[in-house]
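Engineer: Structure below; questions to follow.
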Amino acid sequence: MGYTIWVLRLSGKWAYLLSVGAVLLVSCTARKPETVWPDPDWAVSTPEAQGLDSTVLADAVRQIRSEGLNVHSVLLIRNGRAVLDVSFYPYDGAVPHDMASVTKSVTATLIGIAVGRGDIPDTDTPAVSFFPDRQEMEHGTGKGKMTVGDLVTMSSGLHCLPPPREETLRAMQPSDDWIGYVLGLPMAVEPGTVFEYCSPNFHLLSAILTRATGLPAARFARAELFEPIGIKDFGWPADPDGVNHGWGDLRLYPGDAARIGYLYLNDGLWRTRRILPEGWVKEATRPRMATSNPDVDYGYGWWLAKGDYAGVFEARGRGGQAITVWPARGIVLVTTGGGYDRDRLTSLLIPALRSDRSLPENPSAYGELRKAVTAAVEPPPRSPVSPLSEAQLEVSGGWYRMEPNDLSLTGFGLDFQPGADEATLTITLGEEAYTMPVGLDGVYRFTGRAPSGSPTGCRGRWEGHGVFVLDYNEVSRVNRFRFDISFAGSSVKMTYQDATGMFSGLIEGRLQGNMAGGSFPAL
């Protein structure tokens, strides 16, 4: 989800991350280097050997950490070699990361493979032709004109509410029949005429893949894309009917996400094996739809630079997930995060690009870069914990019943112990209870059993006597929430927002009793 453009304000004009780098590079002509393949891991190079500056990269890593940018990882590949591979606390790179709407570019890639195999005749094939059991939805709706190509270029014509909140997507998910929900959306415009960001388009594409190939998208991807390029470990959830989420939620290691970018950098070839149909990369990364942003067009699931910088393309997702490919410079850049200022990250990384040729080695600067990378994943120093006030102790152990809300939070309680550096958070979603430690010293406490199903870190602090600020971080996913929890007598008010702007709101609740013995009153 999401489509923030990685750009930087420079001299009063907008310029792309990598295109700005072109201005900073020393103008020169170099021979194309020999293709190096990750076997099984990416080869590692000093930045200088690939024309980058270690000092600038080390400073960038330190600044990302010191400024608290919510970046999870940065992996920069040039000429097939990793020149920067860094994870930032609390993400340590040990588990695959939610790639959000980068998934759309993968789904589009699978469509290309299916076309090449003949499972899908071509991108002009009507989408409804894959759903003969649902033809009744076509009568008088105009959906019969909607093609596979219209879906993959975000021009389906379906009435769909866009980011940041994506209400149409969020309304689809509680339904019993996601595909029926998408096919039942009204038409807003003629298919193929207007770009409208619509995640349900790509869920419909996932269903088309399943019907065309006989395999769910995840199994088809494993056989035809992931395993052939060395991706073994991934996660991809599915809807109630087993259709993988075509729009998002694919989980990949950053190094594996880079393999997809590298496949595109090498025109769909992996070593001597053709993975993507000949010509697909060119077709997928040429402008097909103008977007609402004058600096970017859209191809087959990829965002494309325009004008003088045509050729740079990117898979993008909510929170700062991205695979950026710059063929002219031999660069693949993968970033993950939980919602951060991409312009700021751009301004830190761009100056490192110096030349298309090797620079003199700088062992001292490279040593500093290695130190910065090692330090980036370490937790911060623990801060002192103030003694609890009487008012703070009074709310400890209280169990609050929450009013209906968008997060499905039904119950909530916090337990504090005098002198302790952590508290205990208990929540219920429906009638499912989760208990999680909360660091009070500025350092996350982690639990493996969390609503997201992935490692989650919590830390918090009191602001005054009656407001507790909770930092709830799903770490390997996109979502990081701030909850401001205000206690007043027997009531509680909880305002929340996530760092990407997709979720925000107010939840109110009332005291129902206490959590003595692990019981939850009124459940």
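Engineer: In region 36-64, what residues are closer than 28 Å to K232 by Cβ and of a type outside the set (A, V, I, L, M, F, W, C)?
Structural biologist: Matches in region 36-64: P38, D39, P40, D41, S45, Q50.
Engineer: Applying the selection to region 316-347, what residues are hydrophobic (A, V, I, L, M, F, W, C), buried (at least 21 other Cβ atoms within 10 Å of the Cβ) and over 16 Å from P287 (Cβ atoms)?
Structural biologist: A322, I323, W326, I331, V332, L333, V334, L345, listed by residue number.
Engineer: Let me ask something else about it. Could you please find all residues in region 99-134 being at pLDDT 95 or above, of a type outside the set (A, V, I, L, M, F, W, C), closer than 18 Å to G214 by Cα and assigned to a helix (DSSP H, G or I)?
Structural biologist: T107, T109, G112, G116, R117
Engineer: Restricting to region 237-267, name every residue that is touching a helix residue (DSSP H, G or I) at 6+ places or on another chain (Cβ under 6 Å) and without any contact (Cβ under 8 Å) to a residue 24 or more places away in the chain.
Structural biologist: D267, the sole residue that qualifies.
Engineer: Give region 135-155 a look and list any residue that's among the β-branched types (V, I, T) and either out of contact with any strand residue (DSSP E or B) (no Cβ under 7 Å at 6 or more places or on another chain) or modelled with pLDDT of 90 or more (or both), or say none.
Structural biologist: T147, V148, V152, T153
Engineer: Can you find, within region 292-315, the residue that is farthest from S206 (Cα to Cα) among those that are among the aromatic types (F, W, Y) and in contact with a helix residue (DSSP H, G or I) (Cβ under 9 Å, 6 or more places away or on another chain)?
Structural biologist: It comes out as Y309.
Engineer: Residue check: is M172 assigned by TED's automatic domain parsing to the domain that holds W247, touching a residue at least 24 places away in the same chain (Cβ under 8 Å), under 25 Å from E283 (Cβ atoms) and of a type in the set (A, V, I, L, M)?
Structural biologist: no
Engineer: From the list W270, W236, W303, W247, pick out the single residue that is touching a Ser or Thr at 6+ places or on another chain (Cβ under 7 Å) and closer than 24 Å to P96 by Cα.
Structural biologist: None of the others qualify; the one that does is W247.
Engineer: Quick one: which residue in L388, L393 is at pLDDT below 95, closer than 30 Å to F483 by Cβ and part of a loop (DSSP other than H, G, I, E, B)?
Structural biologist: Answer to the check: L388.
Engineer: Can you pull out the residues in region 279-325 that are acidic (D, E) and free of Cβ contacts under 8 Å to residues at least 12 places away in the same chain?
Structural biologist: D297
Engineer: Could you go through region 459-476 and let me know if any residue there is assigned to a strand (DSSP E or B) and under 18 Å from the mean Cα position of the chain (by Cα).
Structural biologist: yes
Engineer: Kindly provide the set of residues from region 437-465 that are surrounded by fewer than 16 Cβ atoms within 10 Å (Cβ to Cβ) and touching a helix residue (DSSP H, G or I) at 6+ places or on another chain (Cβ under 7 Å), ordered by number.
Structural biologist: Correct list: H465 only.
Engineer: Now for a separate question. Taking interchain pairs and intrachain pairs at least six residues apart, which have beta carbon atoms under 9 angstrom, with the first residue in region 29-44 and farther than 24 Å from L369 by Cα and at pLDDT below 70 and the second of a type in the set (D, E) and not in a strand (DSSP E or B)?
Structural biologist: Listed pairs, sorted by first residue: T29/D356; A30/D356.
Engineer: While we're here: If the requirement is being touching a residue at least 40 places away in the same chain (Cβ under 8 Å) and either more than 30 Å from T46 (Cα to Cα) or surrounded by fewer than 17 Cβ atoms within 10 Å (Cβ to Cβ) (or both), which of these qualifies: T141, T125?
Structural biologist: Being touching a residue at least 40 places away in the same chain (Cβ under 8 Å) and either more than 30 Å from T46 (Cα to Cα) or surrounded by fewer than 17 Cβ atoms within 10 Å (Cβ to Cβ) (or both) holds for just one of T141, T125, which is T141.
Engineer: Consider region 432-466. How many of its residues are more than 22 Å from P380 (Cβ to Cβ) and basic (K, R)?
Structural biologist: Number of matching residues: 1.
Engineer: Looking at region 479-500 only, could you name the residues that are outside any strand (DSSP E or B) and more than 17 Å from L511 (Cα to Cα)?
Structural biologist: N479, A499, T500
Engineer: Would you say G413 is outside the structural domain of V71 (by TED's automatic domain parsing), crowded, with 22+ Cβ neighbours inside 10 Å, in contact with a Phe, Trp or Tyr (Cβ under 9 Å, 6 or more places away or on another chain) and modelled with pLDDT of 95 or more?
Structural biologist: Yes.
Engineer: Which numbered condition in (1) hydroxyl-bearing (S, T, Y); (2) under 21 Å from the mean Cα position of the chain (by Cα); (3) closer than 25 Å to P40 by Cβ is the only one that Y197 fails?
Structural biologist: Result: Y197 passes all but (3).
Engineer: Which number in (1) part of a helix (DSSP H, G or I); (2) surrounded by fewer than 19 Cβ atoms within 10 Å (Cβ to Cβ) marks the one condition that A372 misses?
Structural biologist: Of (1) part of a helix (DSSP H, G or I); (2) surrounded by fewer than 19 Cβ atoms within 10 Å (Cβ to Cβ), only one is false for A372: (2).
Engineer: Check region 436-452 and report whether any residue there is touching a Ser or Thr at 6+ places or on another chain (Cβ under 6 Å), on the phi > 0 side of the Ramachandran plot and either free of Cβ contacts under 8 Å to residues at least 40 places away in the same chain or not hydroxyl-bearing (S, T, Y) (or both).
Structural biologist: Yes: one or more hits.
Engineer: Filter region 166-178 down to the residues that are surrounded by 15 or more Cβ atoms within 10 Å (Cβ to Cβ) and modelled with pLDDT under 95 and list them by number.
Structural biologist: If the condition is that a residue be surrounded by 15 or more Cβ atoms within 10 Å (Cβ to Cβ) and modelled with pLDDT under 95, then E166, R170 are the ones that fit.
Engineer: Does S383 qualify as being within 30 Å of M494 (Cα to Cα), out of contact with any Phe, Trp or Tyr (no Cβ under 9 Å at 6 or more places or on another chain), outside any helix (DSSP H, G or I) and modelled with pLDDT of 95 or more?
Structural biologist: Criteria met by S383.
The values are calculated or read from the model by the stated rules, or taken from the named source; none is laboratory data. Quick caveat: nothing in here was measured; it's all calculated off a predicted structure. Note that each Cβ is placed from the backbone with ideal geometry, even for glycine, and that neighbours are counted across all protein chains shown.
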